[in-house]
């Protein structure tokens with residue numbers, strides 16, 4: 001518990017998934033997807049407790065096997081397609097409080113990011129503490145640059161997404177980043193509530209784009225397997 005602060009890692013894992021059946025526990029290189037996030041959190045120098053919040057008994061069982069705690073089963077109203085992540089986070093914090101445990105920060109780790117490692121979590125925690133900020137989000141440089149992106153009007157004509165000329169060398173493109181969903185850190189106080197937009201956390205922790213693989217379809221699974229084998 002360096003810095004005299006306590007950190008609660010929250011890994012949200014819904015049982016229902018449309019793109020890939022049982023996505024959060026699909027095998028990647030012989031290990032359930034969620035295990036990568038659990039193991040990274042457990043290896044962190046600063047995380048005090050790792051909780052998986054899920055509505056699925058199978059996910060709960062797998063999570064416990066890999067060392068996470070599952071002190072409650074998430075209610076069904078927080079496990080629909082329309083449920084917001086912040087609702088799940090606040091519910092988890094409240095449930096942990098009922099156990100008599102309180103933490104200074106929550107670290108949200110999406111289980112669909114298997115490339116994220118313990119050192120990323122530690123560096124992000126050190127950054128938010130050194131900057132004395134309340135909220136952090138991990139980002140990665142975009143691969144598909146918005147300078148080349150277009151919208152199409154009703155008549156079929158292109159319109160630039162950005163109001164800049166795209167007639168420049170690729171190496172001269174301005175840098176753009178995206179929220180990659182790997183790490184969110186928020187101080188647990190009155191500013192963390194049901195109205196909080198985690199994607200709008202202001203302090204940024206930049207991750208190399210080679211670590212940005214979000215499992216959404218089977219192609220992502222195959223990419224992750226190749227990268228993990230060569231890591």
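Just so it is clear, none of the values below were taken in a lab; they were calculated from the coordinates. Because the structure is a prediction, the values reported are computed rather than measured. For neighbour counting, all protein chains shown are included, and Cβ atoms are generated from backbone atoms with ideal geometry for every residue, glycine included.
See the values below:
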read-out	value
Percentage relative contact order, the chain, counting C-alpha pairs under 8 Å, at least six apart	24
Percent RCO, i.e. relative contact order, over segment 101-231, from Cα pairs under 8 Å lying at least 6 residues apart	40
Cα long-axis angle, helix 33-43 against the chain (0 to 90 degrees, to the nearest 10)	70
Net lengthening on full extension, residue 202/residue 169 (0.36 nm per residue, minus Cα-Cα)	8.9 nm
Cα-based shape type of segment 14-136, given that a ≥ b ≥ c are square roots of the gyration tensor eigenvalues and the cut on a/c is 1.5	oblate
Peptides ranked, highest mean first, by Cβ atoms within 10 Å: ranges 115-125, 78-88, 39-49	115-125, 39-49, 78-88
Rounded to 5, the percent of DSSP beta bridges in the chain classed as antiparallel	45
Stokes-Einstein translational diffusion, segment 106-184 - Kirkwood Rh over all Cα pairs, 1.306 mPa s, 10 °C, in µm²/s	103
Expected 222 nm ellipticity per residue - DSSP helices of 4 or more, -39500 (n - 2.57), all of the chain, to 500	-8000 deg cm²/dmol
Centroid-to-centroid separation of segment 87-132 and segment 135-192 [C-alpha atoms, Å]	25
DSSP bridge pairs, segment 88-218: antiparallel proportion in percent, nearest 5	70
In degrees, nearest ten, helix 85-98 long axis to first principal axis of the chain (Cα)	20
Radius of gyration, Dmax [segment 64-119; alpha carbons; angstrom]	12.8, 34
